[in-house]
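What follows is a structure written as structure tokens; I'll ask about it next.
The values are calculated or read from the model by the stated rules, or taken from the named source; none is laboratory data. Only a predicted model underlies this, so the values are computations on that prediction, with no experimental measurement involved. Cβ coordinates were reconstructed from backbone atoms using ideal geometry, including for glycine residues, and neighbour counts include every protein chain displayed. These accessible areas exclude ligands, DNA and RNA; they are computed on the full protein's heavy atoms, side chains included. Shrake-Rupley method; radii C 1.70, N 1.55, O 1.52, S 1.80 Å.
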Amino acid sequence: MLNTMILYAITCFTGAMIQSLCGFGSGMVLMSALPHFIHSYSFSLVLSTLASLVTCVSIVAKEYRHINVRMIIPVIIGNVVAITSVMLFWSGDADSAMKKILGGFLILLSLYFVFLNRNIRIKPTLKAGLLTGLIGGTANAFFSMGGPPIALYMMAASKNTKEYIASSQAYFCFSAIYVTISRYMRGMVTNDVWPFILAGVPLVAIGTWVGLKLFGLLNEEKLRFTIYIFMAASGAVMILTN
């Protein structure tokens, strides 16, 4: 149990720092690591979402003046439709199968970021907002990793970095709260989760603070590339061991 908590704390710190540096990525870091030392896939989903929520709330509390509410409304609508649809038909069971699917998703996501990310552009239209919300909400419900499509849309729609960070984190807060409520109603959120959340909050807060301090100072390209390689390796291990 102690080793699990230590690994969880390290993962929370790293995920929070990446989220603060890039505007997304906490879910990717957490779900790349948690299923390896927490046996339940649905438990990993709940933990990842709540830990990411703490990070997003911390950033929003600092940057809330720059939130563009009008920009995020279409994305939120798409998000609600996607999460509601997934939760109507999925209870969070089939841990082994979901871990294999997650492994494949991690590998495809890492390949996308390494080879295709620079070539994809999204126009900040109403239709694009709804579509990215649908894709992001679906990925969030199944994998707790709905950030990449949202980040692409927010980057295209935002006037500056401050607006991008504040608006994207406001969206992620809403998405995390909504999917957690949906999971609670499906019986996926149990009392076992709260000791982990309480233990992770200080590390999330420190990771967020460190990330905000390092924002603009680190070589983000090399940092992201390292994360993508880790994601691919983690995905391969999940496929081979489950």
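Which of the residues that make up region 2-33 are closer than 16 Å to residue 231 by Cα and among the aromatic types (Phe, Trp, Tyr)?
24
Is it the case that residue 97 is surrounded by 24 or more Cβ atoms within 10 Å (Cβ to Cβ), out of contact with any Pro (no Cβ under 9 Å at 6 or more places or on another chain) and either of a type in the set (S, T, N, Q) or over 16 Å from residue 138 (Cβ atoms) (or both)?
Details: surrounded by 24 or more Cβ atoms within 10 Å (Cβ to Cβ): no; out of contact with any Pro (no Cβ under 9 Å at 6 or more places or on another chain): yes; either of a type in the set (S, T, N, Q) or over 16 Å from residue 138 (Cβ atoms) (or both): yes.
Answer is no for this residue.
Out of the helices (runs of 4 or more DSSP H) lying entirely within region 133-242, which hold 3 or more residues that are more than 23 Å from residue 98 (Cβ to Cβ) and within 16 Å of the chain's Cα centre (by Cα)?
147-157, 161-185, 193-214
Name the one entry in 161, 138 that is modelled with pLDDT of 90 or more and surrounded by fewer than 24 Cβ atoms within 10 Å (Cβ to Cβ).
Of 161, 138, the one residue that is modelled with pLDDT of 90 or more and surrounded by fewer than 24 Cβ atoms within 10 Å (Cβ to Cβ) is 138.
If you don't mind, there's one more thing I want to ask. Run down 115, 89 and say which single residue is more than 20 Å from residue 43 (Cα to Cα), open to solvent by 20 Å² or more (accessible area, probe 1.4 Å) and more than 16 Å from the chain's Cα centre (by Cα).
115
Okay, moving on. Name the pairs: first residue in region 14-34 and on the phi > 0 side of the Ramachandran plot, second residue open to solvent by 10 Å² or more (accessible area, probe 1.4 Å) and at pLDDT 85 or above, Cβ to Cβ under 8 Å, at least 6 apart or on different chains?
23/164; 23/165
Turning to a different aspect of this structure: Against the definition (within 15 Å of the chain's Cα centre (by Cα), modelled with pLDDT under 90, surrounded by 24 or more Cβ atoms within 10 Å (Cβ to Cβ) and within 16 Å of residue 146 (Cα to Cα)), how does residue 34 come out, yes or no?
The answer is no for residue 34.
Condition check: modelled with pLDDT of 90 or more and of a type in the set (A, V, I, L, M, F, W, C). Does residue 130 satisfy that? Please lay out each step first, then the result.
Details: modelled with pLDDT of 90 or more: yes; of a type in the set (A, V, I, L, M, F, W, C): yes.
Criteria met by residue 130.
Right, here's the next one. Please determine whether any residue of region 107-119 is more than 24 Å from residue 32 (Cβ to Cβ), touching a residue at least 12 places away in the same chain (Cβ under 8 Å) and in contact with a helix residue (DSSP H, G or I) (Cβ under 8 Å, 6 or more places away or on another chain).
No, because not a single residue in region 107-119 is more than 24 Å from residue 32 (Cβ to Cβ), touching a residue at least 12 places away in the same chain (Cβ under 8 Å) and in contact with a helix residue (DSSP H, G or I) (Cβ under 8 Å, 6 or more places away or on another chain).
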